[in-house]
1. For the stretch 140-275, just say rounded, prolate or oblate: build the C-alpha gyration tensor, square-root its eigenvalues into a ≥ b ≥ c, call rounded for a/c under 1.5, and beyond that prolate if a/b exceeds b/c, oblate if not.
2. Taking neighbour Cβ counts within 10 Å as the exposure measure, how do 151, 35 sort from fewest upward?
3. Antiparallel versus total DSSP beta bridges in the chain: what percent is that, nearest 5?
4. Please arrange 204, 155 by counting, for each residue, the other beta carbons lying within 10 Å of its beta carbon, fewest first.
5. What translational diffusion coefficient, in µm²/s and rounded to a whole number, does the Stokes-Einstein relation yield for the stretch 198-320 at 25 °C and a viscosity of 0.890 mPa s, taking the hydrodynamic radius as the Kirkwood radius over Cα pairs?
6. How high is the relative contact order of the stretch 241-320, in percent, counting Cα pairs under 8 Å that sit 6 or more residues apart?
7. Using Cα centres only, tell me the gap between the stretch 79-104 and the stretch 234-255 in whole Å.
8. Considering every Cα-Cα pair within the chain, what fraction, in whole percent, is farther apart than 26 Å?
Amino acid sequence: MAERRSVILGTGSALPQREMLNAELEGIVDTSDEWIVERTGIRSRRIAGEGESTSTLATAAARRAIEAAGLDAGDIGLIIVATATPDHTFPSVGTQVQAALGVNDCVAFDVQAVCSGFLYALSVADSMIRTGAAEKALVIGAETMSRILDWEDRTTCVLFGDGAGAVVVGAETGDRGILATRLHADGRFRSMLYVDGGPSSTGTVGKVRMRGREVFRHAVVNLADVLVEVMDAAGLKPEDIDWLVPHQANMRILEGTARKLGLPREKVVVTVDRHANTSAASVPLALDTAVRDGRVKRGDLIVLEAMGGGFTWGAAVVRF
Ligand code: ACO
């Protein structure tokens, strides 16, 4: 009997109005366009302004994904938002999106796994769809990282941006859909990438702190390992893959991961130059970009991956 799978029915994304080029950062901290481009590949990022928040960006991305799927908001039975920068400590961004879309009764919640959040959320939605707990789900990655950056710390503030990406996944039987997912976490590495505040510790929101060089080293190893693991689980080899849609942290991490797998550079979707690191939003933002510009087509085999604070990391293989 054909297997019940979670198929990506539509994608969408949203970015804040305001663009911040590297040159603008030169006036804020002691940095240069040349250093940022050479070390990270980042040239520009979007920064949320007045009236823009994680929930407004998430809602805009969700509307576009629902439209692309040819559905109405009322068809959605499950909303999962991956975010580390919710509008409020509670209620969840998921319920805010639900209300904004006018969906009456559905399941809605947030997942917090920082940059890997979208992979975690997609895996949870996939499990719920395959067991019949949901038929159609909205999975969103949305962040306003700019609101938790220390704008005096040049080692972090140049790296991040704001945005949201979304997919609608629905149950279908057949060859298409999510073929395998793999998730990992190792909380011993907390001190390498964390936020120095929170509701139950300082009572403040806190700012991002990072030991960039160590994060970089772990990222290349963990991402290559989880990609091999997820492809093995799906019975695939790197040469079978049409597109790698990676978390957009740093061009050198993307290139290092692709090189380890023997994947040509042309098969890697890159948006870090324009969006910087948008944490949980980066994978669905990159996916939507490549779907809308015609690179990713129905039937293509795509691999998604991410790593973030915790550490957490994960990957998914999808027949689009
Ligand atoms: N502008 C100019 N100089 C800078 C800046 C800056 N913005 N930031 C740091 N420097 C300086 C440092 O002070 C250091 O100077 P020193 O040699 O006099 O001490 C020098 O540049 C080199 O610093 P390193 O940290 O060794 O530079 P590196 O080549 O490792 O690049 C970077 C730093 C870009 C942070 C890199 O380590 C990285 O991308 N790490 C991964 C971090 C990441 O992406 N985290 C996001 C979340 S996790 C994830 O998504 C995978």
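What follows draws every value from the coordinates through simple rules; no lab data is involved. Everything numeric in this text was worked out from a predicted model, so none of it was measured. Virtual Cβ from ideal backbone geometry, glycine too; neighbours counted across all protein chains shown.
1. Numbers: a/c = 1.89, a/b = 1.62, b/c = 1.17.
Taking the square roots of the gyration eigenvalues as a ≥ b ≥ c, the stretch 140-275 is prolate.
2. On the way: 151 12, 35 15.
With the fewest neighbours first, 151, 35 line up as 151, 35.
3. Numbers: 42 of 58 bridges.
Taking every DSSP beta bridge with both residues in the chain, the antiparallel ones total about 70 percent.
4. Values: 204 11, 155 15.
Ranked by crowding around the Cβ, least crowded first: 204, 155.
5. On the way: Rh = 15.2 Å.
Calculated translational D: 162 µm²/s.
6. Numbers: 122 pairs, mean separation 29.1, N = 80.
Over the stretch 241-320, the number comes to 36 percent.
7. The stretch 79-104 and the stretch 234-255 have Cα centres separated by 30 Å.
8. Numbers: 20771 of 51040 pairs.
Roughly 41 percent, rounded to a whole number.
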